[in-house]
Amino acid sequence: MASNVVSPASKTSSRGGDSRKHSDDTRLALLFITPAAVGFLVFLIWPLIRGIYLSFTSYNLLTAATWNGLNNYKQMVLDPVFWNALKVTLEYVVINIGVQTIIALVIAVMMQRLTKSLVVRGIILTPYLVSNVVAALVGLWILDTNLGIFNELLKLIGLNPVGFFTDGPWVIPTIALVNVWRYVGYTSLLIFAGLQTIPPDLYEAARTDGASEPQMFVRITLPLLRPILALVLIISIIGSFQVFDTVSVTTQGGPVDSSRVLQYYIYDMAFGRFRFGYASALSVALLIVLMIVTFIQYRLTRAGQTDLA
Amino acid sequence: MATLAPVDVTTDSTPPTIAPAGRKRVSVGRVIAWVVMVVIMVVTLAPFYWIIRTALSSNGDLLTHPSDPFPVGFSLDSFKRVFGWQTGAAAVAAGGAGQPINFWLYLRNSVIVSCLVTAGQVFFSAMAAYAFARLKWRARGPVFAVFLAGLMVPAIFTFLPNFVLIKELHMIDTLIGIALPSMLISPFAIFFLRQFFATIPNEIEEAALIDGASKVGIFFRLVIPMSAAPITTLAVLTYITSWNDYFWPLMVSYTDKSRVLTVALAVFKSQTPNTGPDWAGLMAATLVAALPMLVLFLVFARRIVNSIGFSGIK
């Protein structure tokens, strides 16, 4: 196989002949990382800097941004809609992550102890393959107040239909659960993969000693899974804070502001009211919240350490 | 994003022998666990059935038979509406919005954007991963660390400034404008491929060098073919992610010419009459948007399922 290799650019590596030059690939390496480096600088680093800069300006897209110092931030601190958005987002994250992590853990442990079937794992993962928009539309239909099958079932057992997407207190839990449906399988497969790192003979030994399944779960599975679980939590919480798609498709922030999550408020500020400067300041606030959450979580869960070592 | 890497999950950890005393108790637990598992699987799949059932129904009958488990007033009109084969008047009569809508166009747009993103991201990331895994250069470590730090920047933060940039580049409402920001790099993809490239034995590379191959030749004729499996996995996952993306295309596309399926679905939903939504049409459109990825999943199920896991991130 190797003998067939033709060398269109053999000059680069064999030029010169002395061994030092031969083993130094700097020029080729720079060539190879150029596209990625351009993408990295132009679409990741530059927007990061620019986003922070724009947060100190007044900018409506049409005329050039003008510096207005801390005005956006001063306004943000006094903006009740911002604080409400923060509260609503937190409520969403708590419900979404709480329910999702527990169900995912149950599914993962059951998969580990019951079956390694690819079909089962495939079924569990299926909702992850469709977009948030699809999940939102299906949720909207199934949970519709008048015609939704879920409310029909509620009526069947004698309960009153619920306005899942129209009744203030219900909207955030509903949106959170719709997204649990889409992401729980993915999360459970992540945890499942983590479970595979626990040596099977630990369970065997525990069983010989007469341990029950629940005991094994508490004494073996949970402690050994902790570092993986912490990573899963960090990743899913960061994702959860960025909730937008479902809100945009179903409630558009309503009723009133009861589902106006931070990301939707940012979008609305930028594209509804063309206040890009203020929207950027809100984005910086979200970025800071994410950094704080990650930091606290990392410290609390000691994500980098494992009990296996 | 989570780290995706093939994890060996075929080993069976169930102990081969179970003490007879514990067997009965365990069995009861297993039955309960299986029941829970089946319930979870039904809840997972039921919405898909409900999409199909509704899409095959007609709006008038949905109104009168909301809880019938089978399609009511069976009709394919909803699909005709979605693909623009129905006249405006007929669509309104069937409970639709009447605005012309053509999902073929959106399907085409989604395919183009996802192909551009996947081809660009996977190829350019493979090049960078090769430089980080197999080429010898002085700044390799620090540069890789900087790229890796890029994983920490939440995508959401780059959207607004990137929109301003794409606008300045006059690429608003174009397919290339949607694809460009994610075409050149994914720190995750570089990290993912670098792991595989690094495992290729040095002897193979050295043998190729002795045979007169260049480093470029080694990349194209040795490293890429030998990493076909992880590259395919990465490509499939990138394709799915790109296909399902909503927020960024929503910002960039304004008209039909750059509208991708996710955005078109949301537009379709916002056009439907508020008093009596066109549920049959909406679910038909939903099915059209979701089906390609579900088919892709069927084809690559083993690869996708096994790719989800942690390996390497510490």
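A few notes on this one:
- Selection from the range A:28-57 of residues that are surrounded by fewer than 17 Cβ atoms within 10 Å (Cβ to Cβ) and among the hydroxyl-bearing types (S, T, Y): A:T34, A:Y53
- Of all residues making up the range A:96-139, the number that are in contact with a strand residue (DSSP E or B) (Cβ under 8 Å, 6 or more places away or on another chain) and surrounded by 24 or more Cβ atoms within 10 Å (Cβ to Cβ): 0
- Leading residue by the ranking (farthest from the other protein chains (Cβ to nearest Cβ)) among those in the range A:125-145 that are farther than 19 Å from B:A264 by Cβ and not hydroxyl-bearing (S, T, Y): A:L143
- Test for A:V120: is it farther than 27 Å from A:A85 by Cα, in contact with a helix residue (DSSP H, G or I) (Cβ under 8 Å, 6 or more places away or on another chain) and either of a type in the set (G, A, S) or free of Cβ contacts under 8 Å to residues at least 40 places away in the same chain (or both): yes
- Filtered by the rule that a residue be closer than 22 Å to A:F271 by Cβ and surrounded by fewer than 17 Cβ atoms within 10 Å (Cβ to Cβ), the range A:59-72 gives A:N60, A:L61, A:L62, A:T63, A:A64, A:T66, A:N68, A:N71.
- Any chance A:L147 is over 21 Å from B:L294 (Cβ atoms), surrounded by 16 or more Cβ atoms within 10 Å (Cβ to Cβ), free of Cβ contacts under 8 Å to residues at least 12 places away in the same chain and not charged (D, E, K, R): yes
- Residues of the range A:226-268 that are assigned to a loop (DSSP other than H, G, I, E, B), within 11 Å of chain B (Cβ to nearest Cβ) and closer than 23 Å to B:L282 by Cα: A:V243, A:F244, A:Q252.
- Residue selection: B:L222 satisfies the criterion of being closer than 25 Å to B:I304 by Cα, free of Cβ contacts under 8 Å to residues at least 60 places away in the same chain and in a helix (DSSP H, G or I).
- Output for the range B:248-286, where each listed residue is more than 19 Å from B:T54 (Cα to Cα) and outside the structural domain of B:I112 (by TED's automatic domain parsing): none
- In the range A:82-95, of all residues being surrounded by 14 or more Cβ atoms within 10 Å (Cβ to Cβ) and hydrophobic (A, V, I, L, M, F, W, C), the one that is nearest to A:T174 (Cα to Cα) corresponds to A:I95.
- Filter result for B:P225 (in the same structural domain as B:A198 (by TED's automatic domain parsing), over 21 Å from B:I176 (Cα atoms) and either surrounded by fewer than 24 Cβ atoms within 10 Å (Cβ to Cβ) or basic (K, R) (or both)): yes
- So A:A193, is it facing chain B (nearest Cβ under 8 Å) and either over 20 Å from A:L118 (Cβ atoms) or not β-branched (V, I, T) (or both): yes
- Helices (runs of 4 or more DSSP H) wholly inside the range B:134-216 that include at least 3 residues being of a type in the set (D, E): B:202-210
- In the range B:144-156, the residues that are within 8 Å of chain A (Cβ to nearest Cβ) reach residues that are of a type outside the set (A, V, I, L, M, F, W, C) with C-beta atoms within less than 7 angstrom, at least six apart or across chains, in these pairs: B:F147/B:P187; B:G150/B:P187; B:P154/A:Q242; B:I156/A:Q242; B:I156/A:Q263.
- Filtering the range B:252-304 to residues that are of a type in the set (S, T, N, Q), in contact with a Leu (Cβ under 9 Å, 6 or more places away or on another chain) and within 21 Å of B:R81 (Cβ to Cβ) leaves B:T262, B:T272, B:T286.
Conditions tested, residue by residue: (1) of a type in the set (V, I, T); (2) in a helix (DSSP H, G or I).
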| residue | (1), (2) |
| --- | --- |
| B:S242 | no, yes |
| B:P249 | no, yes |
| B:G276 | no, no |
| B:T286 | yes, yes |
| B:L294 | no, yes |
| B:V299 | yes, yes |
| B:R302 | no, yes |
| B:N306 | no, yes |
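- Of the residues making up the range A:54-68, not a single one is assigned to a helix (DSSP H, G or I) and more than 7 Å from chain B (Cβ to nearest Cβ).
- Note on the range B:224-258: residues that are away from chain A (no Cβ under 11 Å) and either of a type in the set (D, E, K, R) or under 18 Å from B:A133 (Cα atoms) (or both) amount to 9.
- Residues in the range B:259-271 that are in a helix (DSSP H, G or I), more than 9 Å from every other protein chain (Cβ to nearest Cβ) and closer than 15 Å to B:P292 by Cβ: B:A264 alone.
- Among the criteria (1) at the interface with chain A (Cβ under 10 Å from one of its Cβ atoms); (2) touching a residue at least 60 places away in the same chain (Cβ under 8 Å); (3) crowded, with 21+ Cβ neighbours inside 10 Å, the one B:D278 does not fulfil is (1).
- Selection status of A:V42, in a helix (DSSP H, G or I), more than 17 Å from A:Y267 (Cα to Cα) and not hydroxyl-bearing (S, T, Y): yes
- Among the residues listed as B:I166, B:I156, the single one being hydrophobic (A, V, I, L, M, F, W, C) and out of contact with any helix residue (DSSP H, G or I) (no Cβ under 6 Å at 6 or more places or on another chain): B:I156
- Some residue of the range A:206-215 being in a helix (DSSP H, G or I) and surrounded by 18 or more Cβ atoms within 10 Å (Cβ to Cβ): yes
The values are calculated or read from the model by the stated rules, or taken from the named source; none is laboratory data. All values derive from a computational prediction rather than experimental measurement. In this analysis, Cβ positions are derived from the backbone assuming ideal geometry, glycine residues included, and neighbour counts consider all displayed protein chains.
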